[in-house]
Each structure stands twice: as C-alpha cells, then as structure tokens.
Amino acid sequence: MTTVNEVVPVMDTAIGFPPMTTAVFIMLALAAFFLDLFSHRKDKPISLTSASLWSVFWIFISLVFAGFLYQTHGSEMASLFLTGYTLEKVLSVDNLFVFMAIFAWFKIPQNLRHRVLFWGIVGAVVFRMIFVAIGTGLLAFGPWVEIAFAAIVIWTAVMMLKSGGDDADEEEDYTNHFANRVARKLFPTWPHLHGNRFFLTRPEVEAELKKPENKGVSIPAKGFYFATPLFLCVGVVEVSDVLFAFDSVPAVIAVSREPLIVYAAMIFAILGLRNMYFVLEALKQYLVHLEKAVIVLLFFIGGKLALNATNHIFNHGYGVSPNTSLLIVLAVLTVGIIASVMFPNKKDTDSNTETV
C-alpha cells in the first residue's frame, strides 16, 4: 500500500521529435503488428511455447526501439520510454485476468479467443491514441466510472466462483445472457455462436431458424445484420480496456509528457498483451487451481479500482502502487501454481491412471 499523493516528479520532456523518429516508430510497430497477424491467421488455440516465444519477440521489438532512442536522442529518452513501457506492462496484467473472466462469461472457445483479442488490441491502439492526444481531460468522470467497473469485476468474480468451472459443459446458447439482453435493445442479435463470424445477414438467420435446435428463438422484424455473441464479447473487451486506460494513461503520462514516448510505451506493451494472455491461458490448462487464483485476483483488481476511485472522490491519499500490484499478482499466481502441483485435480489424476 502506498499513498497516491507521493508522485514522482514529472519530467517535462516535450522537446518534440523529428519526422524520422516518428517514422521509425510507426514502421516498426506496423511491421511487427502485421507479422503477428500473418502468423496467426487460422482460428486455432495458441500453444504455450508459441505464446512464450511471441512474448519474447515483443519484448525484443520494444528493446530495439529503446536502443534506437538511445542512439538518436540519448539515454534519458530511452530510459523514459523503458520506464513507461514497464509501467504499462505491469498495469496491463490486470487486463489479462479480466479478459479471462470475459471469455469464461461468454464461453468463447479457445480457437476463437485470438480473433477476439486481435480486434480488442486494435481498439486499444486507437483508444490509447485518443486518450494520449487529449491528455487527462477525459478523466473528469474517472472515479465514478471506476467504481462502476470495480463492481462489475467483483460481480464477475462472484459469478465465476458460483459456476465452479462447469461452464464448458453447458450449451452455448446466449438467448438469456445479460450482454445479449442489453444488446437486443440497441441492435438485432443472434443468440448463438456461428463459427468466427461477428455478424450474420437476415437470410442466414432465417435459415438458422429452420433448424430444430433453434426452435423458439425469435428475431426482430427489422434489421439486416445480426450481431453474434462473438461480437458482443469484442465489445465488452473494448469497454474493459477503455476503462483500464483511465488508470494506465495518467500513470504513464506522469513519467513523460512527450506524446511519442507515452504512446510508444503503451503501444509496444499492448501489442505484446495478447500473447501474454495465451501464456496464462495455456498454463491454466495444466494448472488446475489457477482459475481459483484468477478469481482471487479479480477481487483484488476490483478492490484496487474502488480504492483508486474513492481516493479521487474523498482524497484519502491511499492506493495500490504498480509495484505492489505486481507483487500481489505474482504471489497469488505462485500460490495457485504450488497448489496445483501439491493438490492436483482428482478427476484428472484418475483419468490419467485409467489411460496408463
């Protein structure tokens, strides 16, 4: 726990960068982005090895840009970039566990999660650009938004706790899903996953209605395109990332006021976030008690958001620092890993014994 009022002095580094530096950042980020997109074209689960190697690759790309800043603008600029990058990376860890909860909530299959995260990352890149461009002006409603989001995160943790991990055996019908009920008030929706499609046309939906399993499903009389649960999931991921930006953007801006430094630090951290997710997700398949650790972390994240919001409202001066947050995340994950090794799932153990 640390006092929020103890802020590191802001270094005014708004010196401006020559077009070459901006061009190098854009070309390096775009090249790495399209390389990642080309390498993950197919809808299939990403292995732990692949996700780990890609995570190392993204860190390497970030260090390359830091080296370029060191050579062209000196050690101070490189240090500010690395500080902002590390801070954004630490704060982004919270997003990963919320993404896990969102995918569990929507019951998105493993092979489709990369597709959702891809568009989530694209949205994050765009929204971070907007947030950085207008500074902290959008944070006027931050505390109240954070309180609402903290409640949602805690409620999600409670729902995961009640589910007991049995969601995978349930039918993928989203007719009564909360997100589907809300979305129906805004635009036409289809309550079933349909491959990797985000939208279905009316003729496609009418063809689906003729199938026996869709008996009783009704659709509105108007509208040509119908959103699937996969699109709703992307929307929730985007909203969660925007709300987390209320926390991370001011923190990185506190390191440097130079827009390129702030935005580059965020983008390189965000571009590696997707593969970091699959590292945790892959580990979750082998570590049977990791989901319980995720639930604990969701309660922690909700509490941290609430504490930060109430500090803005009541100015009590207390919050959770990024370093403390990282230590708590690592500690909880370590406990979950150790528990999985010491107390493996009995069902899985019996299954392996029968197989042998």
Q: Within the range 199-217, identify whether any single residue is under 27 Å from the mean Cα position of the chain (by Cα) and modelled with pLDDT of 80 or more, and answer yes or no.
A: yes
Q) Within the range 49-85, restricting attention to residues that are of a type in the set (Val, Ile, Thr) and free of Cβ contacts under 8 Å to residues at least 40 places away in the same chain, which residue is surrounded by the most Cβ atoms within 10 Å (Cβ to Cβ)? A) 64
Q: Return the pairs, sorted by first residue and then second, in which the second residue is basic (Lys, Arg), the first residue lies in the range 110-128 and is farther than 14 Å from residue 194 by Cα, the beta carbons are less than 6 Å apart, and the residues are 6+ apart or on different chains.
A: 117/274; 121/274
Q: Determine whether residue 242 is modelled with pLDDT of 80 or more, β-branched (Val, Ile, Thr) and within 30 Å of residue 321 (Cα to Cα).
A: no
Q) In this structure, is residue 220 touching a helix residue (DSSP H, G or I) at 6+ places or on another chain (Cβ under 7 Å), at pLDDT below 85 and surrounded by fewer than 19 Cβ atoms within 10 Å (Cβ to Cβ)? A) no
Q) Is it the case that the range 292-300 has a residue that's in a loop (DSSP other than H, G, I, E, B) and assigned by TED's automatic domain parsing to the domain that holds residue 49? A) no
Q) When you scan the range 194-226, how many residues do you find that are touching a Phe, Trp or Tyr at 6+ places or on another chain (Cβ under 8 Å) and within 15 Å of residue 112 (Cβ to Cβ)? A) 2
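The values are calculated or read from the model by the stated rules, or taken from the named source; none is laboratory data. Treat the numbers as computed from the prediction; the structure is a model and nothing was measured. Neighbour counts run over all protein chains shown; Cβ positions are idealised from the backbone, glycine included.
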